[in-house]
């Protein structure tokens, strides 16, 4: 496991280490004095204090204080991290696209910065299924987005069955593709084919496509943006004992 650690680095040196870690897809940890601004479903501000920040290559971000096991701030897998210097601060930005959430961490001082690659071969494998993920959304549609309404499961199209077919609060049709693990460009292409199939059957009407998975690769993220598709980070809940929900495949078009 390659490890690079700096103790009491300058902000410039810490910045260089962070960017190198990003380039190599490594985990990064920072310990130092920082303040934090969050803007998304709500807004919050943490005044300057000594904290541990963990940046994971799947887009996860965790901020820990000196107590308790839960982070004081966090971003889910699929978020995009960046770092830059501004005046006397090192700023870490983490952005989630859907729903939009942004976390800004301003370091005035860094006591330790590390980057390292972890071998993921022996990592815990999530055993939740796509059906668990589907039932989670059907039981609480707002976790996909506020106002989402599910109208059909396994909705048939010329490109194949759509995992969940529904509409947003404005009545725009949505094709939802579910994946229980981190996915790449193939899943984006699959979703795009569903959207195009629906558009052929709905001339002049808009169709949105949402990919739901724990996380996506950088290439998949770029393809989602170029195809005007969306991503929501969500994991299956294991051991879900809720009553399964199903819909007729012949939902209103």
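Computed quantities for the displayed model
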| read-out | value |
| --- | --- |
| Selected residue (only one of 78, 32, 65, 21 is at pLDDT below 90 and surrounded by 13 or more Cβ atoms within 10 Å (Cβ to Cβ)) | 78 |
| Residue match in the range 136-158 (condition: over 21 Å from residue 78 (Cα atoms) and at pLDDT below 90) | no |
| The one condition in (1) within 23 Å of residue 224 (Cβ to Cβ); (2) part of a loop (DSSP other than H, G, I, E, B) that residue 66 fails to fulfil | (1) |
| Flag for residue 9 being modelled with pLDDT of 95 or more, assigned to a loop (DSSP other than H, G, I, E, B) and more than 24 Å from the chain's Cα centre (by Cα) | yes |
| Hits in the range 83-102 (condition: within 22 Å of residue 211 (Cβ to Cβ) and more than 11 Å from the chain's Cα centre (by Cα)) | 102 |
| Qualifying positions in the range 181-220 - out of contact with any helix residue (DSSP H, G or I) (no Cβ under 9 Å at 6 or more places or on another chain) and assigned to a helix (DSSP H, G or I) | 190, 193, 194, 195, 196, 197, 198, 199, 200, 201, 218 |
| Exclusive hit being in the same structural domain as residue 25 (by TED's automatic domain parsing), modelled with pLDDT under 90 and not in a strand (DSSP E or B), set 122, 98 | 98 |
| Condition check for residue 28: in contact (Cβ under 8 Å) with a residue 60 or more places away in the chain and within 27 Å of residue 183 (Cα to Cα) | yes |
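The values are calculated or read from the model by the stated rules, or taken from the named source; none is laboratory data. Since the model is a prediction, treat every value here as computed from it, not as a measurement. Ideal geometry is used to build each Cβ from the backbone, glycine not excepted, and the neighbour counts take in all protein chains shown.
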